[in-house]
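Below is one structure, written out as structure tokens; the observations come after it.
What follows is calculated from the coordinates using simple rules that are stated; it is not laboratory data. Fair warning: this is a prediction, and the values are worked out from it, not measured in the lab. All Cβ positions, even for glycine, are placed from backbone atoms using ideal geometry, and neighbour counts span all protein chains on display.
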Amino acid sequence: MTTALTETLGIRHPLLLAPMAFVAGGRLAAAVSDAGGLGFIGGGYGDAEWLEQEFQEAGATRIGVGFITWTLARQPALLDEILKHKPAAIWLSFGDPEPYVQSIRSAGALLVCQVQTVADALRAKTVGANVIVAQGTEAGGHGADRALFTLLPAVVDAVAPVPVAAAGGIAEARGVQAAFALGASGVAVGTRFFATQEALGHPNVKQVLVEKTGADTVRSRVFDHIRGYDWPQLYTGRTLHNDFLKRWQGRESELTANLAKEQQCYQAAAMIGDTNTMAIFAGEGLDFIHDLPSAAEVVARLFPNP
């Protein structure tokens, strides 16, 4: 399938692997790229040693890297180190991409910008984004409030002719076709690839992804508090609703007051894959996830008629 996205990125399928922090490692990114999309390692909160390891896992496969822009601002030298690996593209989310554009361009990488508003999409176009990802609130992980159904065509119209990929709740071929109908040139998929053999993550977590539905997810800031991440107020994180979230949602100030004790308990629970306690970032596309296949099989299902 040829679209503006495939032509811009030099890929066979108009598909991006969302750079999920702690989930999208080198093995998963390489598997998606090998299957015809473009895989991204999730640079997350900027662990340089971990990123070096995941590049080794990816081998010689052509991949990209995604960063949370506001955390990259705290360690700008990290981008230069990553660019030495010659990634195909850098994906920036949740912040102004402009300070990093020159370095990315100079390294020969393409720039992918994820946005949650039309205003941010226009900003991404102005600074020279090669691809813009319109992320709806249905998406797992951090995001904003606007639904993809209206956000996507609004972004497509605003930034034409820049190719736009749709993100949020896309986990099967019908979602891909719906995105095309709304003007997208491709899709960015996260949660469906979380539930694969190559994804990083505790087996307990992957099994829960198979068992739950989109109705079991909710947006909150509770897990940012307990994990010590100072996310801007514009964004919340969509996770599975579990006992820990039920206990603390709406009581964030009390959680902060007891943070040291609760963090110790939380970290111990996360180490053993306690799904009733740990954050499991997942989107509303869980309704369409019923197994744990290979990443290549997921790509084949998303694009059954290449």
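Long hydrophobic helices in the chain: none of the complete DSSP H runs spans 27 Å or more by Cα along its own axis with mean Kyte-Doolittle hydropathy of at least 0.0. With helices as the sole contributors, the chain gives -11500 deg cm²/dmol at 222 nm; each DSSP H run of n ≥ 4 counts as -39500 (n - 2.57), and the sum is divided by every residue. In the chain, taking the dipole from charged Cβ atoms about the Cα centre, the farthest positive-side position among LEU292, TYR100, GLY250 is held by TYR100. What the Cα atoms of segment 139-269 give is an Rg and a Dmax of 17.3, 52 Å.
Net charge in the neighbourhood of ILE63 (other residues with Cβ under 15 Å of its Cβ; Lys, Arg +1, Asp, Glu -1) is 0. Build a GNM of the chain with springs between Cα atoms under 10 Å apart, and of ALA257, ALA188, ALA139 the one that fluctuates most is ALA257. Rounded to whole numbers, the Karplus 3J(HN,Hα) couplings from phi for segment 227-234 are 8, x, 9, 8, 6, x, 5, 5 Hz, using 6.51 cos²θ - 1.76 cosθ + 1.60 with θ = phi - 60°, and x at Gly and Pro.
Taking only the Cα atoms of segment 203-284, the ratio Rg/Rh comes out at 0.95, with Rh defined as the Kirkwood radius. Highest GNM mean-square fluctuation, the chain, Cα pairs closer than 10 Å: which of VAL218, VAL164, VAL115? It is VAL218. Using a cutoff of 8 angstrom between alpha carbon atoms and counting only pairs six or more residues apart, the relative contact order for the chain works out to 17 percent. Between LYS261, LYS212, LYS246, which gets the highest mean-square fluctuation from a Gaussian network model of the chain, Cα cutoff 10 Å? In this elastic network of the chain, the residue with the biggest mean-square fluctuation among LYS261, LYS212, LYS246 is LYS261. Among (i) 0.93; (ii) 1.11; (iii) 0.99, only one was calculated for this model; which label is it, if the read-out is Cα Rg over 2.2 N^0.38 Å? It is the one labelled (i). The ranking of HIS142, HIS202, HIS290 by Cβ neighbour count inside 10 Å, starting from the fewest, reads HIS290, HIS202, HIS142. Each other residue within a Cβ distance under 15 Å of LEU28 adds +1 if Lys or Arg and -1 if Asp or Glu, for a net charge of -1.
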